[in-house]
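Inspection log for the structure reproduced underneath, given as structure tokens.
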Amino acid sequence: MDNENILELMSRVLSGEATPEEQAVLEIAIAQDSYLLARYKLMQQFWNEHETVSPAAVEDALQKVLGQLQLQQSAPVKKIDPRRLWKRGLAAAVVVMALGCTGLWYFTNRNVNTTPDSLLEKQNARGTKSTIVLPDGSKIWLNADSKIKYPASFTGHLREVYLNGEAFFDVAKDPKKPFIIHLNKGTVKVLGTSFNVRAYDNEKLIETSVATGRVAFIPDRSTAKQQPDTIYITPNNKVRYSLSDNQVKVEPTAAAEDKAWTEGKLIFKAITLEEIAIELERNFGKQVIFIDDEPKYYRLTGAFENNSLEEILFYLSKTKNFNYTINSSELLIAK
């Protein structure tokens, strides 16, 4: 059930307007989702204690519901008896006041968990990509095998998120609130721009490339007893921070290619089959096992868009001969 319908259904049940069939639908939904069950019980209690909510509060609550769900009002609106509208509005007010912003944010991010430190957490498994719209309107494309933490709302003077993995950011402009991405070994700071960040905790390289605007990258060199430098990156440039030797390089890049993964593309440019295997593991969720070491060092080039694992391997093996076997959970590569 989508976001609009679940909130509408709860409001109808609370206001006593729901049909027996609708009540049954809600009962099934909350029986299958422990979070919904807990929230609905809270709303029931809140409803029983706040049946005299003021008209101003109802109007404010309804506006919050519409704003959170981004409902379009282009469709014609049916005439509703004012008494029924009041009861439904009261129920909507209860939904908003009982759940608050965090609860409503849950409905638009159903597979996002709340972490103990009051941050929301979105984690993608291998083979899964997703998009997230932050409270300020910024948009994030989160790659496979990646995790990001962010607050339900940005308060104070900063907009801060925490990334482990790869993501493309399109940050809403707000000169008074810098947007900061905390990495395991570095920080990215912007005011409003679009850029790609790759920073997996299990890799020895952090990369940030810029599509639009300007980005400040600050490497974490505390272990090397060096003062952190701020490197400013402009469009079609990339910073590469090697954790092995604490060296930072800025080089030209094709920003469109760096974010190609957001469009279902995989681009390999003269990289080893071992490096390609890491990308295939993340994108298709299968463990790659090299039966022989020699193919690991084959350097290959190729560009693929929404191709299957079988198609990618077929074309790669024609470029540099190697054998492969795909089963339900593994990809085996041999000479």
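Which values, in whole Å and largest first, are the semi-axes of the equivalent ellipsoid of the range 264-334 obtained as the square root of 5 times each eigenvalue of the Cα gyration tensor? It would help to have the intermediate numbers written out before the result.
Values: eigenvalues 50, 45, 23 Å².
So the three semi-axes of the range 264-334 are 16, 15, 11 Å.
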Under a no-solvent Debye model with one identical scatterer per Cα of the range 188-269, what's log10 I(q)/I(0) at q = 0.13, 0.15, 0.25 Å⁻¹? -0.41, -0.54, -1.28
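Please state, as a whole number in µm²/s, the translational diffusion coefficient that the Stokes-Einstein equation yields for the range 183-335 at 37 °C and 0.692 mPa s, with Rh defined as the Kirkwood radius across alpha carbon pairs.
In µm²/s, the coefficient rounds to 192.
Treat every Asp and Glu Cβ in the range 113-257 as -1 and every Lys and Arg Cβ as +1, leave all other atoms uncharged, and give the resulting dipole magnitude about the Cα centre to the nearest 20 debye.
Details: 20 positive and 16 negative charges, 35 e Å.
It works out to roughly 160 debye.
Fewest first, what order do 245, 174 take by the number of other Cβ atoms within 10 Å? Spell out each step's value before the answer.
Numbers: 245 7, 174 15.
Arranged by neighbour count, lowest to highest, 245, 174 become 245, 174.
Quick one: how many lysine pairs in the range 264-334 have C-alpha atoms under 17 angstrom apart, if they're 8 or more apart or on different chains?
Values: 269/296; 269/318; 269/320; 286/296; 296/318; 296/320.
Count of close lysine pairs: 6.
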Mind jotting down the three principal axis lengths of the range 113-257 based on Cα atoms? Whole angstrom, largest first. 36, 32, 32
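Would you work out the charge dipole size for the range 264-334 about its Cα centre, treating the Cβ of every Lys and Arg as +1 and the Cβ of every Asp and Glu as -1, and quote it to the nearest 20 debye? Intermediate results must be reported in sequence, preceding the final value.
Numbers: 8 positive and 11 negative charges, 49 e Å.
That gives a dipole near 240 debye.
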Relative contact order (percent) for the range 264-334, with alpha-carbon contacts under 8 angstrom and 6 or more residues of separation? 39 percent
With charges only on Cβ, +1 for K and R and -1 for D and E, what is the dipole size of the range 208-316 about its Cα centre, in debye, rounded to 20? 560 debye
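FYI, it's all coordinate maths here, none of it is from the lab. This structure is a prediction, so every number in the text was calculated from the model and none was measured. Reconstructed Cβ throughout: ideal geometry from the backbone, glycine too, with neighbour counts over all protein chains shown.
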